[in-house]
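S.K.: Have a look at the structure that comes next, please.
Every number in this text was worked out from the coordinates using simple rules, so none of it is lab data. No experiment lies behind these values; they were computed from the predicted model shown. No Cβ is skipped: glycine too gets one built from the backbone with ideal geometry, and neighbour counts run over all protein chains shown.
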Amino acid sequence: MIALVASLGASGCASSTEDGGEASCAAMIEYDGATYYGAGPLRQAPETTGRTMPAVRPSCDDSGGQDDQDVRDEPVQVQELAAVDADVAVIAHDGIYVRDGEDLPDVVRSWFHAPRCTTPGAFEVTADWLGVTGPHQAERDGDIELPYRLEVRVTDGPERYVGATVTLRAGTGTDPALSSEDVKQSLWEGGQVTATVRCVEGRYDVVGVRAVH
């Protein structure tokens, strides 16, 4: 079974830390009279039935000392999963929430892992940019140096990758690469990238990448 990664505290907030700081709120919602806890970030988009149901995200003062009027329950909509009954798990805000006391079946383990890159030859994907990491820190003017890795959520390309969150590996031979203007005008504002990719031992190696303005 897949273990939950969220804190299973009894309330919406974790307890104070030893140094007096307040820990972050647990990922949780309340649906159909039960508490559901976050099961970790999704890497692939599960199939849903199209049915939505009302739920609540419990209030949580994760900074401490807020006025009670500023800390309120938040109404949310959850979706019914095609592969798992709603009395076991639901999806909300692109995350899976599992009912307290229940376990996800092993059959859905793939949801939490990016699909291996297996397409022959070069192909193109368009994706929402989520983040970038690399040995060189990005400068304040937006300049980033190769090599780097782009964390993206694929919105267009071969069907097996659409909806998945994957890591694109841009190396010193990647051309074109992202410019400082790409970073400032698109990536920092949550834009998209289009990348030409080749599969190398299951990884997504980038031949060339550009921002979609």
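S.K.: Using the per-residue mean of other Cβ atoms lying within 10 Å as a proxy for protection, in what order, highest first, do the peptides 172-181, 33-42 fall?
M.R.: Ranking the peptides 172-181, 33-42 by packing returns 33-42, 172-181.
S.K.: What residues qualify as long-range amide H neighbours of TYR204, i.e. H under 5 Å apart, gap of 5 or more or another chain, H built at 1.01 Å from N?
M.R.: ARG169
S.K.: Let me ask you something else. Over every pair of different alpha-carbon atoms in region 98-166, take the mean of 1/r and invert it; report that Kirkwood radius in Å.
M.R.: On the way: mean 1/r = 0.0675 Å⁻¹.
Computed over Cα pairs of region 98-166, the Kirkwood hydrodynamic radius comes out at 14.8 Å.
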